[in-house]
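Let me begin by presenting the structure, written as structure tokens, before commenting on it.
The values are calculated or read from the model by the stated rules, or taken from the named source; none is laboratory data. No experiment lies behind these values; they were computed from the predicted model shown. Because the Cβ atoms are built from the backbone with ideal geometry, glycine has one as well, and the counts that use them run over all protein chains shown. All accessible areas refer to the heavy atoms of the entire protein, side chains included, with ligands and DNA or RNA removed. Shrake-Rupley method; radii C 1.70, N 1.55, O 1.52, S 1.80 Å.
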Amino acid sequence: MRIQPFSIGPYGTISSVVYENSRCVIIDAPFPSDSIIDFIRSNNLEPEAVYLTHAHYDHIFGLPEMLAEYPSLQVYLSSDDFIFTDDDYSYTMSLLKMADRYFLSEIAEKEIERMPRKFIAYKDTAGSFSVLRTPGHTPGSVSLYSEKEKILFSGDTLFRGSIGRTDLGGSDEDIISSLRLLSRLPEDTVVIPGHGTATTIGEEKRNNPFMRNLG
């Protein structure tokens, strides 16, 4: 398994291309996604699916570009986050108007209209990964875990030295429960978060104030 991460957009949202031989999957779809598509094309990879750790706008608004290039891509998202995509994205647009008008101005109307209306809900496994349900940042936040490779894609649940915010449709109680679940993974598990730099479970248990003394 090889991993190529990208930091994209005003928030430095991390998207990763995970590939082996000529096949690949994409984890999260920030806007714009041209650098991801260029990498896939230049390495002659065949993308099979996009796995979304959650449905906040900075993780999904690159989907139109990806699907325009690869129409057969399957898009996976927890059904608990479908609220962000229902009703022509009205809930997501309300969050954007409240939280980040600048980001909203960067997204053309035609991009919103081309967003896919149907997603496939996660099952317990997604390709080579186990889907760990880690709500809190959003109701449907998930982390993708490879036990074999000891790699965790944590989305916006766990960051190096911090955790995801819970005031955009999340829950403080849920995210603490999710952190407790992640703290039980092997300490040498590499964590690739949705923003910022990589870390390990052990480092976060020692140094992250939200992960210490969880019990």
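At a glance:
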item	result
Average accessible surface area per residue within segment 1-150, 1.4 Å rolling probe, Å²	47
Dipole of segment 1-127 [Lys/Arg +1, Asp/Glu -1 at C-beta], most positive-end residue of P71, Y102, N21	N21
Heavy-atom accessible surface of the chain: percent carbon and sulfur, 1.4 Å	47
The chain - percent relative contact order, Cα under 8 Å, separation 6 or more	15
Residue order for L144, L67 - accessible surface, 1.4 angstrom probe, largest first	L67, L144
Total charge dipole magnitude, the chain, about the Cα centre, Cβ charges on Lys, Arg, Asp, Glu only, Debye to nearest 20	540
Karplus-derived 3J(HN,Hα), 6.51/-1.76/1.60, for each residue of segment 56-61, Hz, glycine and proline x	5, 4, 6, 10, 10, 6
Extension gain (nm, one decimal) between E147 and A198, 0.36 nm per residue minus Cα-Cα	16.7 nm
Accessible area (Å², 1.4 Å probe, nearest 10) - T197	90
Kirkwood hydrodynamic radius (C-alpha pairs) into Stokes-Einstein, segment 1-133, 37 °C and 0.692 mPa s, D in µm²/s	218
Longest segment of the chain lacking GluC sites (Glu not before Pro) that sit in a DSSP loop with at most 16 other Cβ atoms within 10 Å	1-146
Förster-model FRET efficiency, 22 Å R0, D86 and A108, C-beta, rounded to 0.05	0.55
13 Å reach of a label modelled at S22, 7 Å along Cα-to-Cβ, counting backbone N of segment 54-83	none
Qualifying trypsin sites (Lys or Arg not before Pro) in segment 123-204, DSSP loop, other Cβ atoms within 10 Å at most 11	K123, K148, R184
Accessible area in the full protein assembly, largest first, 1.4 Å probe, for K205, K97, K118	K118, K97, K205
Neighbour net charge for T200 - beta-carbon separation under 11 angstrom, K R +1, D E -1	0
Spacing of the two label points (7 Å from each Cα toward its C-beta) at A68 and E173, in nm	4.4
